1. Across bins of 5 angstrom width beginning at 0, how are the C-alpha pair distances of segment 176-258 distributed, in whole percent?
2. Between E54 and E25, with labels modelled 7 Å along Cα→Cβ, what's the label distance in nm to one decimal, could you check?
3. Please list 327-338, 98-109, 243-254 highest first by mean number of surrounding beta-carbon atoms within 10 Å per residue.
4. Computed FRET efficiency, Cβ-Cβ of A298 and A113, R0 51 Å: what is it to the nearest 0.05?
5. I want the local charge near V152. Using Cβ-Cβ distances under 15 Å, sum +1 for each Lys or Arg and -1 for each Asp or Glu among the other residues.
6. In bins 5 Å wide, starting from 0, what share of all Cα pairs of segment 49-186 does each bin hold, as a percent?
7. For segment 222-292, what size does the Cα cloud have along each of its three principal axes, sorted from largest down, in whole Å?
8. Put a dot 7 Å past each Cα toward the Cβ at L134 and R250; how far apart are the dots in nm?
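Bear in mind these aren't lab numbers, they're just calculated from the coordinates by the rules spelled out. Since we're looking at a predicted model, the values are computed, not measured. When we count neighbours, we look across all protein chains shown, and the Cβ atoms used for this are built from the backbone with ideal geometry, even at glycine.
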Amino acid sequence: MKLKGDQSTARALNRRLILNLLRREGPRSRADIATITGLSPAAVTFVISDLCEEGIVVEGQAVTGLTGRRPIPVQINYEHGLAVGFKLMTDSVECVATDLATNPVAAMRIPLAGHEPDYVADLLANTVPEMVKLAGRPHAKLAGIGISMPGVINDEQTACVRSHRFKWDNVPLASLVATRANVPAWLEDDTNAYAIAQQLFGLGRQHRNMAVLAVGIGISCALVIEGKLYRGANGAAGKFGHTLYEENGRLCECGKRGCLMAYHSEASILRRWREETGHGDHKDLPELRSALAAGDPAAVALVEHSGKSIGTALANLVNITDPEVIVAGGEAVSLGEHFLGPLRDALAARTFRTAPPLLPDWEDNSWARGAAALVTQKMFDFESSSGFTDIGRTYTGATQKSAG
């Protein structure tokens, strides 16, 4: 029985500890890092030297004060690498290239004409060099490709186990894209990916326990527990929209009746608005927002009812998991306080203790940035960043392979 951890494992843990400290706290001196982490000065120096040599960490400027030269701070060099993220939707793909802090440097949207796996893999792989070119950073390293989509994803983040929306079963999409692009790729459920981005560099950065609610075409709620995304036994945790709302009610995309999302997802809100007002299929989300701004009674009542219904259901989850904060994203967040106000009120009325703060997030590219965060996460989770790839070398090879 091996009792002593080997040197490579200790080194990996030390790297992760130091990188996550710098991610949360910003620039710190080597002495500060040793004090905060409890590592020896020698261990800190050893790790920082490696990280500086790899270009992941850089030294700042020492400040000279009355007592002489002050310690030199070190910080993460977020411009050292690029991540490419793809958010798959039923008819289009949001594409983004980010630095290693998931700050977008290039973005576009492309049509998705079909869902056949090889077609999707070809489309994404062929778009990677376009995103790299748009980013305009030829000296950066390409850390990898992140792909998010609605569905159940395996623990290795390589294959879609099941997606009702895409009608996929056991599709190894990340592997298909990685092979074509000659770049590492990872796949995740879109809300889980969004939660990872919020945890790393978003509204959940300082929190170890949070819920991330998404109300768009569907409804889901990812959970971060003690700093870790909770994926469940089969990767299916967070399918909040499939909780029961009405017995034997409306048919949901999952094939069951009465799910919460069949009534109160953004898509369902729009459908009910059309049904109740006789608008047919001609009204969309911007028009609903306009109706709310104008105080249209039918629109206001409908949206407030959905906010209250989701808040009531969410209170059950809060009573079980006790998150510090709830981050809310998705198209429905753009409906503003007509939606969020009743949601907060219902949450406060039904939680056992004081309801956690509800923090809305509605930024451009936030969901595609979640896909890119799948790449960035590896820098903070894995032993090394040796998977980084020279962009020029990668795409010379990839182009030649395609041409052949």
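1. Bin by bin from 0 Å, the calculated values are 3, 13, 20, 18, 16, 14, 11, 4, 2, 0.
2. Roughly 2.0 nm, to one decimal.
3. Numbers: 327-338: 21.5, 98-109: 19.8, 243-254: 14.4.
Answer by packing, highest mean first, reads 327-338, 98-109, 243-254.
4. Details: r = 36 Å, r/R0 = 0.71.
Using R0 = 51 Å, I get an efficiency of 0.90.
5. -2
6. 2, 10, 17, 18, 15, 11, 8, 6, 4, 3, 3, 2, 1, 0
7. Ordered largest first, segment 222-292 gives principal extents of 45, 29, 15 Å.
8. 3.3 nm
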